[in-house]
Amino acid sequence: MKKLNRRSFFKLGALGVAVGVFKPVRAGELLRPAFTNDPKGKKIVISTWNHGMAANSKAWEVLSASGAAIDAVEQGVMVTEADVTNRSVGIGGRPDRDGHVTLDACIMDHHSKCGSVAFLEGIAHPISVARAVMERTQHVMLVGEGAYEFAVMHGFDKAKMPLPEVKKDWKEWKKEHKDEFKKPEINNENHDTIGLLAMDGNGDLSGACTTSGWAYKLHGRVGDSPIIGAGLFVDNEVGAATATGVGEAVIRIAGSHTVVELMRQGKSPQEACQLAVERIIAKHDDLTGLQVGFIALNKKGEYGAYSVYKGFNFALRKDGQEELIDAEYDRDW
Ligand code: SD4
């Protein structure tokens, strides 16, 4: 079949409307992204919390060598996963209430391909396993033992967790929390997932998100971080978003997807993050300790962030700029 060029396509479209073959603009078409500029050369990386600074440096190194966003996001968050001083991501992470460090991670690229692992134990780099799920299987998500077996089969490094000092802290915690069904406390120190978003030199977007989750959670609990649409979402036509904080609240509003859809409707990344946070606030009667933060990046290379409570920050890296920025927020603690 002869390929249609843009002009003949439109001519045909007009003819179609005239003879009643094609319907005029459908409602959904009004929701197309409000921006169409060429983002070439707008390399940028943003990521959650101050551990994002080191992760961004690695991601930036990849982008600067003309690497793809998907490689940048994976290699960026691997820095955080390998940091033994980090208590909320990777091998230094805190365990659940039974002493198991269970890791959650996901990754998504500019073709809307995605991979995820949840409730994964004993593997050093869950983000790379998530990428392998994306690239080497027909699935999106593997969990628990199956994810572990897949990781081992594909040669991913094992790691012993929790680290001895982390185990010591957990034992102390356990002494004071004997009641089996007591709700684990939420505070602003044990929710430090890394979510990292990048745009490469082609203007393509990818994102990665990885965490050991809510410290001392119930055994078996999975948060938002490995759930595509909750902890992370990328739509290369529009933008990308990722979340940190109390995962249950993020899942309830399909948080990162919500942020991206708001951008699709023309909101700036900043407005989109704020609206998503406001939706979370509206859906919860009790906001005690309920910190959630979003960061977002659009195709123009514009970024934004917003959190329920004061104290959330994010790391930015772009040409000539490397900075830790305090996010705007709804309320003080
Ligand atoms: C979770 N959202 O498991 C993760 C934890 C987190 O910053 O974000 N920490 O709910």
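Throughout, read-outs are computed from the coordinates displayed, never taken from laboratory work. Here the structure is a predicted model, which is why all the values come from computation and not from measurement. Quick reminder, even Gly has a Cβ in these numbers, built from the backbone with ideal geometry, and neighbours come from all protein chains shown.
Volume per residue for the range 200-333 equals 108 cubic angstrom (convex hull of Cα atoms). Beyond 25 Å in Cα-Cα separation lie the following of the pairs 267/318; 42/113; 58/310; 283/318; 58/300: 58/310; 283/318. The protection proxy used here, the mean number of other Cβ atoms lying within 10 Å of each residue, ranks peptides 95-103, 64-72 as follows, highest first: 95-103, 64-72.
Each of residue 265 and residue 324 was given a label point 7 Å from its Cα along the Cα-to-Cβ line. The distance between the two points is 3.5 nm. Net charge in the neighbourhood of residue 270 (other residues with Cβ under 11 Å of its Cβ; Lys, Arg +1, Asp, Glu -1) is -2. Taking each residue as 0.36 nm, the span from residue 282 to residue 333 lengthens on full extension beyond its C-alpha to C-alpha distance by 16.6 nm.
Checking the a/c ratio against 1.5 first, then a/b against b/c, what shape does the Cα gyration tensor give for the range 71-132? Verdict is oblate for the range 71-132.
Database remark: amide H of residue 329 closer than 5 angstrom to the amide H of 307 (H placed geometrically; neighbours at sequence offset of 5 or more, or on other chains; Pro and chain starts carry no H). For the range 88-104, the Karplus equation 6.51 cos²θ - 1.76 cosθ + 1.60, evaluated at θ = phi - 60°, returns couplings of 9, 9, x, 5, x, x, 7, x, 7, 5, 9, x, 9, 8, 10, 9, 10 Hz by residue, with Gly and Pro reported as x. Centre-to-centre, using Cα atoms only, the range 143-172 and the range 189-246 are separated by 20 Å. Electrostatic bookkeeping for residue 325 treats Lys and Arg as +1 and Asp and Glu as -1; over the other residues with beta carbon under 13 Å from its beta carbon, the sum is -2.
Placing unit charges on the Cβ atoms of the charged side chains and taking the dipole of the range 44-331 about its Cα centre, the candidate lying farthest along the positive direction among 276, 313, 226 is 226.
Between the beta carbons of residue 149 and residue 252, assuming R0 = 45 Å, the FRET efficiency works out to 0.90 to the nearest 0.05. Most tightly packed first, judged by the mean number of other beta-carbon atoms within 10 Å of their residues, the peptides 83-91, 237-245, 302-310 read 237-245, 302-310, 83-91. Other residues lying with their Cβ under 10 Å from the Cβ of residue 220 contribute a combined charge of 0, Lys and Arg counting +1, Asp and Glu -1.
Dipole magnitude for the range 44-331: about 500 debye, using +1 per Lys or Arg Cβ and -1 per Asp or Glu Cβ, origin at the Cα centre. In order along the range 248-259, phi translates into HN-Hα couplings of 4, 5, 5, 4, 4, 10, 6, x, 5, 5, 4, 4 Hz, rounded to whole numbers, per the Karplus curve 6.51 cos²θ - 1.76 cosθ + 1.60 with θ = phi - 60° and x for Gly and Pro. The shape of the range 44-331 can be summarised by an equivalent ellipsoid whose semi-axes, obtained from the alpha carbon gyration tensor, come to 27, 22, 17 Å from longest to shortest.
Based on Cα contacts under 8 Å between residues 6+ apart, the range 44-331 shows a relative contact order of 22 percent.
Shape class of the range 249-324 from the alpha-carbon gyration tensor: oblate, with a/c at 1.5 or above and b/c at least as large as a/b.
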